[in-house]
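Below: one structure, written as structure tokens.
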Amino acid sequence: MDLSQENAITEAVKNGIYELQQFDANEVLLGYQKRWIADESPLKIGQKSRRTGLTWAEAADASLCAGTARSDGGCNHFYVGSNKEMAREFIEAAAMWSKAFNKAAGEIQEEVFIDDGQDGKEILTFVIYFASGFKIQALSSNPANLRGMQGNVTIDEAAFHDRLAEVLKAALALTMWGSRVRLISTHNGAENLFNELIQDSLAGKKDYSIHTITLDDACAEGLYKRICQITHQEWSQEAEDKWKSDLLRATATEEDALEEYYCVPKQGGGAYINRGLIDRAMSDDCKIIGFEAPKDFEKLPISQREADVEQWLKEDVAPHLEQLNPDLTHVFGEDFARKGDLSIFAVGAIQKDTRIKVPFHLELRNVPYSQQEQIMFYVIDNLPRFIGAAFDATGNGGSLAEKAADKYGTEMIEQVMLNIAWYREWMPKFKAKFEDDDLEIPKNNDVVTDLRKIVVTKGVPQIEKGSGKGEDGKQRHGDCAVAYAMIVRASYMEGGEIAFTPLPNKADPWGSDDDDDLPSYEKGAW
């Protein structure tokens, strides 16, 4: 099967929504989906592999309940997802199911809802009204929005809610009058509340009914056969085995694969940024440019090192700098390393709608300090409308950060000490860029691996300790994650934009290029 790991199941579900009315609902739902709907426990949890259609089945249950008269046990249903797109998908699926079940329901409506947790901010929510007098409504993840409501509650991707404990507290209050609460999610670390609830329930300490759907479980009950049916492909056991193998191989690490597809929470803290959000942010338009210093490069005369790096900059980096939009402001983010891990120099282009695009980043391996300085000055000097940069100033990185501050001024350069306080303040802002679809980054497995190194440890998102390896087998460890977070930090800076036109040389008023053989930072532009 040629479809990617994300598109295969997603397209099957989407196509299934449109083709559902051609089949009996009992035939369309797979065994684990039927068991989920049939379980009427007041509290139930679905721990699942990615994209196995459990939320889709939940939409069917919600439609049955909201379309039923009060005398027969009907009630409202509230859906709490982690973003607006999830809410829209759920409501669209519920609308489809209501038609399939012949439940009298109106069209999907967008209503203004006062979000109590946002200083009374008005937000749009999606809602379907039924002839029974009940409704299905998608709410934001603000816990206060559930207060005063009555009806069943679905908390989707529960392990990725920043305030799950508070949301759950508000939802459980509804069970006093007979409403039911459902939590559905893939795992997000062993220390996550979602996993703790499962373990406590399995240990008999809590009363949640637990459903486990791994990738193997779903395929054993026909998931891949259903995908073949919907996508008009011929099923075979060989094709199914290859499809599963491709899914697992595309995942960054074995530990990630177990968490994403086999309901085994990652130890040492939850991965902070959802893989789906990372995938959504990736673009083929964003590039990676690498430079690895050859063995004993630091032993060469500095003039030769400068010349070699200058040639690389002109041949490999300058064309990308020339393509930057001169009408946009630009920022710079850096994660420093001298040996072993990578130094990442990332460029951020602030779009007109405030989104941040990373048109390219540089990956430097084993590059001497002086040449990192040379490369850094060359890139920043050529950024259109440069407004600020944030540097990893921890340890040896402090030298490069200080050199940048000396040249561009402390109001333009943030020298960051990576510590718990900084992570606590800036990682939520970084994550919000993914959640709001406000970040565009290179499409690359090493980038995914780096971003998945941000884990929640003792309640604080930070780079996971230890070492790791990239696709090339060489050492790297969350390097892109730090550099991109620095870009987000730099985008908040208030330094004045730097843009200039070089003055003509007094000795050569026609502006000859006799000094082109000098490194850019020695040309006196500043």
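Return yes when Ala432 is surrounded by fewer than 21 Cβ atoms within 10 Å (Cβ to Cβ), without any contact (Cβ under 8 Å) to a residue 60 or more places away in the chain and under 15 Å from Phe160 (Cβ atoms) and no when it is not. Taking the combined requirement at face value, the residue satisfies it.
Scanning segment 302-333 for residues that are surrounded by 11 or more Cβ atoms within 10 Å (Cβ to Cβ) and of a type in the set (Gly, Ala, Ser), we see that the one that is nearest to Thr354 (Cα to Cα) is Gly333.
In this entry, Arg249 is excluded by the filter for residues that are in a helix (DSSP H, G or I) and either among the β-branched types (Val, Ile, Thr) or farther than 27 Å from Ile463 by Cβ (or both). Selection within segment 136-145: residues that are within 22 Å of Thr68 (Cα to Cα) and in contact with a helix residue (DSSP H, G or I) (Cβ under 7 Å, 6 or more places away or on another chain). The member of this set that is modelled with the lowest pLDDT is Leu139. Taking residues in segment 157-169 that are on the phi > 0 side of the Ramachandran plot and in contact (Cβ under 8 Å) with a residue 24 or more places away in the chain, and partners anywhere that are β-branched (Val, Ile, Thr) and not in a helix (DSSP H, G or I), the pairs with Cβ atoms closer than 8 Å and at least 6 places apart or on different chains are Glu157/Ile184; Glu157/Thr186. Of everything in segment 376-396 that is surrounded by fewer than 23 Cβ atoms within 10 Å (Cβ to Cβ), over 21 Å from Lys433 (Cβ atoms) and in contact with a strand residue (DSSP E or B) (Cβ under 9 Å, 6 or more places away or on another chain), the residue that is modelled with the highest pLDDT is Pro384.
Answer yes or no as to whether Lys205 is modelled with pLDDT of 90 or more and either at positive phi or basic (Lys, Arg) (or both). Answer is no for this residue. For first residues located in segment 136-148 and over 10 Å from Val167 (Cβ atoms) and of a type outside the set (Ser, Thr, Tyr), partners that are modelled with pLDDT of 80 or more and part of a helix (DSSP H, G or I) and lie 6+ apart or on another chain with Cβ distances below 6 Å form the pairs Ile136/Ala62; Ile136/Ala66; Ile136/Ala94; Ala138/Ala87; Ala138/Ile91; Arg147/Ala170. Arg88 satisfies every condition listed in (1) more than 23 Å from Arg147 (Cα to Cα); (2) without any contact (Cβ under 8 Å) to a residue 60 or more places away in the chain except (1).
Considering only residues in segment 356-369 that are assigned to a loop (DSSP other than H, G, I, E, B) and β-branched (Val, Ile, Thr), the one that is farthest from Ala307 (Cα to Cα) turns out to be Val358. Return yes or no: is Phe297 surrounded by 13 or more Cβ atoms within 10 Å (Cβ to Cβ) and within 25 Å of Gln415 (Cα to Cα)? When the stated conditions are applied, Phe297 does not pass them. Taking every residue in segment 398-418 that is farther than 14 Å from Glu334 by Cα and surrounded by fewer than 18 Cβ atoms within 10 Å (Cβ to Cβ) and pairing it with any residue that is at pLDDT below 95 and among the hydroxyl-bearing types (Ser, Thr, Tyr), at least 6 positions away or on another chain, the pairs with Cβ-Cβ distances below 9 Å are Lys407/Tyr521. Scanning segment 69-102 for residues that are surrounded by fewer than 16 Cβ atoms within 10 Å (Cβ to Cβ) and either at positive phi or not charged (D, E, K, R) (or both) gives Ala69, Ser71, Gly73, Phe101, Asn102. All told, Asp406 falls short of being within 21 Å of the chain's Cα centre (by Cα), of a type in the set (D, E, K, R) and assigned by TED's automatic domain parsing to the domain that holds Trp312. The set of residues in segment 221-244 that are assigned to a loop (DSSP other than H, G, I, E, B) and under 28 Å from the mean Cα position of the chain (by Cα) contains only Thr231. Answer yes or no as to whether Gly473 is exposed (fewer than 13 other Cβ atoms within 10 Å of the Cβ) and modelled with pLDDT of 80 or more. The answer is yes for Gly473.
Looking only at residues in segment 151-179 that are of a type in the set (S, T, N, Q) and surrounded by 16 or more Cβ atoms within 10 Å (Cβ to Cβ), the one that is modelled with the lowest pLDDT is Ser179.
Does Asp216 meet the test of being of a type in the set (Asp, Glu), out of contact with any helix residue (DSSP H, G or I) (no Cβ under 9 Å at 6 or more places or on another chain) and assigned to a helix (DSSP H, G or I)? Spelling it out, it is not the case that Asp216 is of a type in the set (Asp, Glu), out of contact with any helix residue (DSSP H, G or I) (no Cβ under 9 Å at 6 or more places or on another chain) and assigned to a helix (DSSP H, G or I). Taken as a whole, the structure places Met493 among residues that are assigned to a loop (DSSP other than H, G, I, E, B), more than 14 Å from Asp335 (Cα to Cα) and aliphatic (A, V, I, L, M).
On the stretch given as segment 146-175, residues that are within 27 Å of Ala271 (Cβ to Cβ) and either over 23 Å from the mean Cα position of the chain (by Cα) or not in a loop (DSSP other than H, G, I, E, B) (or both) total 17. Of all residues in segment 342-351, one or more are farther than 19 Å from Met282 by Cα, in contact with a Phe, Trp or Tyr (Cβ under 7 Å, 6 or more places away or on another chain) and either surrounded by 20 or more Cβ atoms within 10 Å (Cβ to Cβ) or not aliphatic (A, V, I, L, M) (or both).
The values are calculated or read from the model by the stated rules, or taken from the named source; none is laboratory data. Values in this document were obtained by computation on a predicted structure and should not be read as measured data. Ideal geometry is used to build each Cβ from the backbone, glycine not excepted, and the neighbour counts take in all protein chains shown.
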